[in-house]
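Have a look at the structure below, then the notes.
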Amino acid sequence: MTYLARYNNTEQGLVRVLKAKLRRWAIKAEQECVEPSEVNEGMQKGQQQILEIIAKVKRLGIINDQSFAEYKVTSLIRSGRSQKVIQNKLLQKGVDSNVIQSVLDQYQDKDVELLAALVYARKRRIGPFRRTDREENAELKQKEQLSFARGGFSFGMSSKILSMCQSEAEETIEMLRSL
């Protein structure tokens, strides 16, 4: 419960944490010369308790993959992550793909991909946010488009961002954040 009070997590993430604690207990028990049969028995009981703990915290609403995904999507968009990157991060955390899709669908009618791309450009100091002492040329533009591609943004999105001036980009960020 102390862990859950400090960290927001998914069901699968909590299972991972609890299993790691159980493994550490088993290693410590073996080091203290506890009989292997007792360690095995403790591991089996621990596995069963993990399932009970997960069921209880889900029933109490402490763990909810839907609310975790909603929080994480908002946070990742504001930090400049594309929807592809967001989807992969949530899948790694153990969120069901149907839950991820339902959360991402809530943002489809808004220009969140544009907002994320602009934030990404500002963080990387590319496109409209590039330093004024750097000359814009074909090689630099290609490097910046590759950076957008690595960030999970489409070619069309990167072209749109790279064609903006800084004041237009700043205004767009402010407008989109207020939605």
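The values are calculated or read from the model by the stated rules, or taken from the named source; none is laboratory data. For clarity, every value in this text was computed on a predicted model and none was experimentally measured. Every residue, glycine as well, gets a Cβ built from its backbone with ideal geometry; the counts of neighbours run over all protein chains shown.
In the set (1) under 15 Å from Ile173 (Cα atoms); (2) of a type outside the set (S, T, N, Q); (3) surrounded by fewer than 12 Cβ atoms within 10 Å (Cβ to Cβ), Leu115 fails one condition alone, (3). Please go through the stretch 125-149 and give me each residue that is surrounded by 18 or more Cβ atoms within 10 Å (Cβ to Cβ) and on the phi > 0 side of the Ramachandran plot, ordered by number. Across the stretch 125-149, the qualifying residue is only Gly127.
Would you check if there is a residue in the stretch 17-32 being out of contact with any Asp or Glu (no Cβ under 6 Å at 6 or more places or on another chain), within 30 Å of Gly152 (Cβ to Cβ) and of a type in the set (Lys, Arg)? The answer is no, given that none of the residues of the stretch 17-32 is out of contact with any Asp or Glu (no Cβ under 6 Å at 6 or more places or on another chain), within 30 Å of Gly152 (Cβ to Cβ) and of a type in the set (Lys, Arg).
Within the stretch 2-16, the set of residues being assigned to a loop (DSSP other than H, G, I, E, B) and without any contact (Cβ under 8 Å) to a residue 40 or more places away in the chain comprises Tyr7 only.
Screening Gly152 against (1) in contact (Cβ under 8 Å) with a residue 60 or more places away in the chain; (2) on the phi < 0 side of the Ramachandran plot leaves a single unmet condition, (2). Restricting the first member to the stretch 92-117 and to residues that are modelled with pLDDT of 90 or more, and the second to residues that are small (Gly, Ala, Ser) and part of a helix (DSSP H, G or I), the beta-carbon pairs closer than 8 Å and six or more apart or on different chains are Lys93/Gly13; Gly94/Gly13; Val95/Ala69; Val99/Ala69; Ile100/Ala69; Val103/Ala69; Ala117/Ser158.
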